[in-house]
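Data first, discussion second: the structure below is written as C-alpha cells.
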C-alpha cells in the first residue's frame, strides 16, 4: 500500500513538473531567452515596421499607380488604385522629352562631384574639430552652426550677388568650390556628423598610433577613416541626395547652363507641356500622370543607389578590433 | 599550360615593375621628391625660422617652446584650414550683409540698390506694427516645442527597429530612406498639396468620430491634431533615422553581451548603453530637425517672409529686402533659442545622471 502511494505521488509530481516545463517552454517560445528573440517581440517589430513603412510607401504607391494610368482611368472616378489597363505612355513621353539617359548622366555628375568633395572636406574638418584642441575652437564651431541655422532664404540675395561677382554662376563650379571648402548645401551638418563620429572613437587608439610614430595625417587616413565608414556613407548619400534634389538654389545658380538637375528638367518639361495644351483639354489631364512618371524616374536612381550602399552600414565595426572604453 | 601562363604573366609583371622602378620612380624621387624635401627642410632651418625638436626659433632671437598643446593647436588648425578659407570666401559676406541690411531701408531701383539707414526701425516695426508676424512666430515656437521631441523619439524607435535582427534589412532600410529622398526634393510640396501625405484611413474609418462619441471632443481634438502632426513629423524624420542607424552600428556588441551576463534587461541596456552612446548624435538630430522644419518652404513663417520679400503683402508695411532681413534675423534668433533649450535640456539631464 505504502509502495503504491509512493508511486502515485511520484506520478503526480512528474505530471506537475511536466506542466511547469511545457508552460516555461511556451513562455520561452513567446518571449525568448532574452525577450528580444521571442515570437511576441518579433511580431511586435514587424507590425510596427509595416505600420510605419505604410506611411512612407503610401505616396509612393499613389505615384506609381497614377503614373501607369491612361487618360480614361484618370478621369474615371471609380478607378482608384489599380489602373484598368497599364500603359507606359506617360513614361515614354517624359523619357523622350527630357532625353533621360543624358539628363541622368548630367544629374549624376552635378550631384556626384560636389558630394564627393563635400564628403572629403567635411571628413577633414570634422576630424580637426573632434580630435584637436585649439584656441577659438568654440567660436569657430558656433559660427559653423550659425551658417547652417540661418534660413537660406535670407542669405539668398547676397549669395547670388557674391557668386555673380566671383563669376561662378551657370556652371558646376558654383557647387564644387563651396563644397570643397566645407560650405556646400547643409555643409555644417556633414561636419557635425563627422565630428560626433570621430568623438566616438576612443582617444587611446590615436595615442597608441602616435607612440608608434605615426604623424597626424597617417593617423587620420589609417585609423580614423576606416572607423568612420558608416559616417562617410551617410554623408555621401545625404549630400548626393541634396545636390540631386535641390531645386530652389540650383534653379537660380544654374540658370543658362546646359547641365541641369533632373527635377529641374522635369519642371521645365512640365512648363513646356503646359504651354502647348490649353487649360481644360484632355491632354492637360494627362499631364498629372506624366509629372508623376517624371518624379518616379527622378527618384528611382537614388533608391537604387541607396539599396546598394546600405550594406556597408554594418561592415565598418566588424573590421576593427577595438574594445569599448 | 596553366603554369606556363602563370610564368609568362609573372615575368611580364616583374619586368613592368623593374621598368617602372628604373624609369619612373627613381627619377621621380631623384628630381622631384628629394628636392621638395630639401626645400621644406631649408624652409624650417633657415635664419628666419628654425625648427628643432624642442624649440622653434624665429629670426635667431625669439625662442618658442614646442609644447604638445601648441603642436596640437597647429595640427588642428591645419585640419580645419579648408573650412576657415571657405568661410571667409563664401559664408561671411552673405551672413553679415543680411545682418547689416536688416538695419536699413532697402529699395531696389532697377539694378541699383538704395539703402537708407534707420537704426532699429525695422525691428520696432516687426514687433509693434506688424499685425501677423509675432502671432505666427509664437505659433511656430509652440509647435516646435511639441514636434521636435516627437520627431527624435520616432526616429530613434524606427532606427532601433531596423537595427534588430529582421528579415529583408535592405528592403526596410530602403523604405525608411524614402523620406530622405522625397522630403529633400520638390516632390514633398506637391504631395502635400494633393494630400497624399495624410493618411485617409484615419478619417475614413471614423476613428476620430468614435473618440468624440465615447469620450468627448475635448480629448479628440488634440488627438486628431497629434495624428496630423505625426504624419508631417514622420516625413521629416528620415535623416535622423539614418544618423541614428549609423550610430547604433558603431556601438560595440560585446558591451551588450557583458551587460546581459550581468543580468541587465534589454530595457535597462537601452537606457544605460544605447542612449548614452548616441547622445552626441541626438544633439545633431535636434539641430537638424529644428532647422529642416524651420526652413521648409511651406513653413508659415517662411511663407510670410517670402511674401514680404516679393511684396505680396500689404503695401503699407513693405520696406523691401531690409525688412525681410530683419524678420529673418528675428526668426533665426527664435530658432537658435529653441535649439539651445533642447540641447541644454539633454545635457543637463546627462550631467545629473553622472
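The values are calculated or read from the model by the stated rules, or taken from the named source; none is laboratory data. In this text, all values refer to a predicted model and were calculated from it rather than measured experimentally. Note that each Cβ is placed from the backbone with ideal geometry, even for glycine, and that neighbours are counted across all protein chains shown.
Taking the listed residues B:44, B:77, B:103, B:90, the one that is surrounded by 14 or more Cβ atoms within 10 Å (Cβ to Cβ) and in contact with a strand residue (DSSP E or B) (Cβ under 8 Å, 6 or more places away or on another chain) is B:103, with no other qualifying.
Here's the yes/no breakdown for (1) modelled with pLDDT of 80 or more; (2) assigned to a helix (DSSP H, G or I); (3) within 22 Å of residue B:233 (Cβ to Cβ):
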position	(1), (2), (3)
B:269	yes, yes, no
B:283	yes, yes, yes
B:304	yes, yes, yes
B:313	no, no, no
B:317	no, no, no
B:324	no, yes, no
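Here residue A:191 does not qualify as more than 9 Å from chain B (Cβ to nearest Cβ) and within 21 Å of the chain's Cα centre (by Cα).
Has the stretch B:65-77 got any residue that is modelled with pLDDT of 75 or more, away from chain A (no Cβ under 14 Å) and not in a loop (DSSP other than H, G, I, E, B)? Among the residues of the stretch B:65-77, at least one is modelled with pLDDT of 75 or more, away from chain A (no Cβ under 14 Å) and not in a loop (DSSP other than H, G, I, E, B), which makes the answer yes. Considering (1) modelled with pLDDT of 75 or more; (2) surrounded by 15 or more Cβ atoms within 10 Å (Cβ to Cβ); (3) within 13 Å of another protein chain (Cβ to nearest Cβ), the lone condition that residue B:133 does not fulfil carries the number (3).
Taking the stretch B:31-51 as the range and being under 22 Å from residue B:61 (Cβ atoms) and part of a helix (DSSP H, G or I) as the test, the residues that pass are B:41, B:42, B:43, B:44. Residue A:103: more than 14 Å from every other protein chain (Cβ to nearest Cβ) and either crowded, with 21+ Cβ neighbours inside 10 Å or under 21 Å from residue B:72 (Cβ atoms) (or both), yes or no? Against the criterion (more than 14 Å from every other protein chain (Cβ to nearest Cβ) and either crowded, with 21+ Cβ neighbours inside 10 Å or under 21 Å from residue B:72 (Cβ atoms) (or both)), residue A:103 qualifies.
Among the conditions (1) buried (at least 19 other Cβ atoms within 10 Å of the Cβ); (2) more than 8 Å from chain B (Cβ to nearest Cβ); (3) free of Cβ contacts under 8 Å to residues at least 40 places away in the same chain, residue A:251 misses just one, which is (1).
Hey, any hits in the stretch B:235-253 for a residue that's loosely packed, with under 14 Cβ neighbours inside 10 Å, part of a helix (DSSP H, G or I) and modelled with pLDDT under 80? Yes, the stretch B:235-253 has at least one match. Within the stretch B:280-298, if we keep just the residues that are facing another protein chain (nearest Cβ under 8 Å) and over 17 Å from residue B:340 (Cβ atoms), the residue that is surrounded by the most Cβ atoms within 10 Å (Cβ to Cβ) turns out to be B:281. The lone criterion from (1) at pLDDT 65 or above; (2) more than 23 Å from residue B:297 (Cα to Cα); (3) within 11 Å of another protein chain (Cβ to nearest Cβ) left unmet by residue B:262 is number (3).
Do you know which residues across the stretch B:262-279 are within 18 Å of residue B:344 (Cβ to Cβ) and either outside the structural domain of residue B:347 (by TED's automatic domain parsing) or touching a residue at least 24 places away in the same chain (Cβ under 8 Å) (or both)?
Hits for the stretch B:262-279 are B:276, B:279.
Regarding the stretch A:267-278, can at least one residue be identified that is farther than 16 Å from residue A:90 by Cβ, more than 10 Å from every other protein chain (Cβ to nearest Cβ) and at pLDDT below 75? Yes.
Suppose the filter is modelled with pLDDT of 80 or more and surrounded by 11 or more Cβ atoms within 10 Å (Cβ to Cβ); does residue B:32 pass it? Against the criterion (modelled with pLDDT of 80 or more and surrounded by 11 or more Cβ atoms within 10 Å (Cβ to Cβ)), residue B:32 does not qualify.
Among the residues of the stretch A:152-159, is there at least one that is farther than 30 Å from residue B:279 by Cβ and buried (at least 24 other Cβ atoms within 10 Å of the Cβ)?
yes
The numbered conditions (1) at pLDDT 80 or above; (2) within 11 Å of chain A (Cβ to nearest Cβ) are all true for residue B:309 except (1). Going through (1) over 26 Å from the mean Cα position of the chain (by Cα); (2) away from every other protein chain (no Cβ under 11 Å); (3) buried (at least 19 other Cβ atoms within 10 Å of the Cβ) one by one, residue A:119 falls short only on (1).
Listed here are the helices (runs of 4 or more DSSP H) enclosed by the stretch A:141-228 that have at least 3 residues being without any contact (Cβ under 8 Å) to a residue 40 or more places away in the chain and farther than 29 Å from residue B:329 by Cα: A:203-211, A:216-219. Within the stretch A:255-266, one or more residues are without any contact (Cβ under 8 Å) to a residue 40 or more places away in the chain and assigned to a helix (DSSP H, G or I). Can you pull out every residue in the stretch B:152-166 that is within 13 Å of chain A (Cβ to nearest Cβ) and modelled with pLDDT of 80 or more? Once the filter is applied, which keeps residues that are within 13 Å of chain A (Cβ to nearest Cβ) and modelled with pLDDT of 80 or more, the stretch B:152-166 yields B:153, B:154, B:155, B:156, B:157, B:158, B:159, B:160, B:161, B:162, B:163, B:164.
For the stretch A:68-88, give me the residue count where each residue is surrounded by 15 or more Cβ atoms within 10 Å (Cβ to Cβ) and either at pLDDT 80 or above or more than 14 Å from chain B (Cβ to nearest Cβ) (or both).
Residues of the stretch A:68-88 surrounded by 15 or more Cβ atoms within 10 Å (Cβ to Cβ): A:68-71, A:73-74, A:79, A:83, A:87.
If we keep only those that are either at pLDDT 80 or above or more than 14 Å from chain B (Cβ to nearest Cβ) (or both) as well, we get A:68-71, A:73, A:79, A:83, A:87.
Here the count works out to 8.
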